[in-house]
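The structure appears right after this line, and notes come after that.
The values are calculated or read from the model by the stated rules, or taken from the named source; none is laboratory data. All values derive from a computational prediction rather than experimental measurement. Methodologically, a virtual Cβ is constructed for each residue, glycine included, from the backbone with ideal geometry; neighbour enumeration extends over all protein chains shown. Accessible surface is based on the protein model in full, side chains and every heavy atom, while ligands, DNA and RNA are left aside. Shrake-Rupley method; radii C 1.70, N 1.55, O 1.52, S 1.80 Å.
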Amino acid sequence: MTDSFDLVRDLPAALRDRTAAWAYIRGFAATWRTPLAPGDGIPYADLTAVEADLGVRLPAALREAYALFGRRTDLHSNMHSLLSPDEFYVDDRKEALVFREENQGAASWGVLLGDLDKADPPVRMRTDLGDKEAERWEGWLAAFSTSCIEIVLSEALQADEPVCDHGDFEDFEELDRRFTRLPFPSYPEGEEGEAFYTAPGLLICDAGGWLSVRASDEETLDRFREDFPADWLTS
C-alpha cells in the first residue's frame, strides 16, 4: 500500500473535477490493485471509429475514462460488465447509449442521447422489468467520471481473490461507529443505496445488509472477519 493516495481525503476533489477523478482512479489502482500502464487504455482512434459506426459523439469524460483504463477488466468488470467500445449500443427506444450491463442482464447503464454533448454527463440506469412499458432510464449518478469512481470501488470488492469476502450483517450502527464513511454521493440518485467505508487496509461496502470487503492482505481480512459480526461466505 502506498502513502500518496487516501480514499477519503482525495475523494471530494475527484467528485468536483474529472481530471482529479482520473487521478483518484490512478491512485486507487496503484494502491489497491496494480498501477495503470499506457497499454491499459483504449486508443482514441478506436473510440473515434465507434463514433462513426454509431453516428454519435462520445462525451469527453467517456473517451478519457476508456483511454485511461478501458482494458483493465480487473478494475471495471469483476461482476458487472463495462462494455468495450465495439459493444456500445443505443437502446431499443433510441433514448440512451449503453456502456455497462448487470451481470445477469437485470439492468443496464447508459447516457441519454440528449446528454451526449455534455463533457461529463449524468449516468442513468434502466432496470429490466417484466412490464417493458414501465421501464425508465432513472437517475444513477450526476457525472460520468463519478460513475467511473463508483465502478472502480465497487468492482474491486467483487474480485474473486482471497483478500475479498461478503456476508450478511445486521448492526448498521457498528459500521458508523468503527469505520470512516467515504464522502460519496447517495445513489441511485437521491436514494440511500450502497455506502463505502474504510479503515487501515480495508475497503468496505454496505449494500443494505449485504457487506462486501476488500483487504490489503489476507491477514488483515482474517482479523476483520474475526472481529466483525457477519455471516461470511468464505470464512
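Among the residues of the stretch 50-63, those identified as assigned to a helix (DSSP H, G or I) and open to solvent by less than 50 Å² (accessible area, probe 1.4 Å) are V50, E51, A60, A61, L62, R63.
Taking the condition of being over 17 Å from N78 (Cβ atoms) and in a strand (DSSP E or B), how many residues in the stretch 102-115 meet it? Adding up the residues that qualify gives 4. Would you call E226 more than 22 Å from the chain's Cα centre (by Cα), modelled with pLDDT of 90 or more and open to solvent by 10 Å² or more (accessible area, probe 1.4 Å)? Considered against the rule, which asks whether it is more than 22 Å from the chain's Cα centre (by Cα), modelled with pLDDT of 90 or more and open to solvent by 10 Å² or more (accessible area, probe 1.4 Å), E226 comes out as yes. Checking each residue in the stretch 116-165 for being more than 16 Å from H80 (Cα to Cα) and not in a loop (DSSP other than H, G, I, E, B) picks out K132, E133, A134, W137, E138, G139, L141, F144, S145, T146, C164, D165.
Is it the case that Y187 is touching a residue at least 12 places away in the same chain (Cβ under 8 Å), buried (at least 20 other Cβ atoms within 10 Å of the Cβ) and in a loop (DSSP other than H, G, I, E, B)? Yes. The residues on offer are L211, L175, L202, and the sole one that is in contact with a strand residue (DSSP E or B) (Cβ under 9 Å, 6 or more places away or on another chain) and either under 26 Å from R126 (Cα atoms) or open to solvent by 80 Å² or more (accessible area, probe 1.4 Å) (or both) is L211.
For the stretch 197-219, which residues satisfy the criterion of being touching a residue at least 60 places away in the same chain (Cβ under 8 Å) and assigned to a strand (DSSP E or B)? Selection gives T198, L203, R214. The set of residues from the stretch 85-101 being open to solvent by less than 40 Å² (accessible area, probe 1.4 Å) and in a loop (DSSP other than H, G, I, E, B) comprises F88, D91. The residues in the stretch 198-235 that are in contact with a His (Cβ under 8 Å, 6 or more places away or on another chain) and closer than 25 Å to F5 by Cβ can be counted, and the count is 3.
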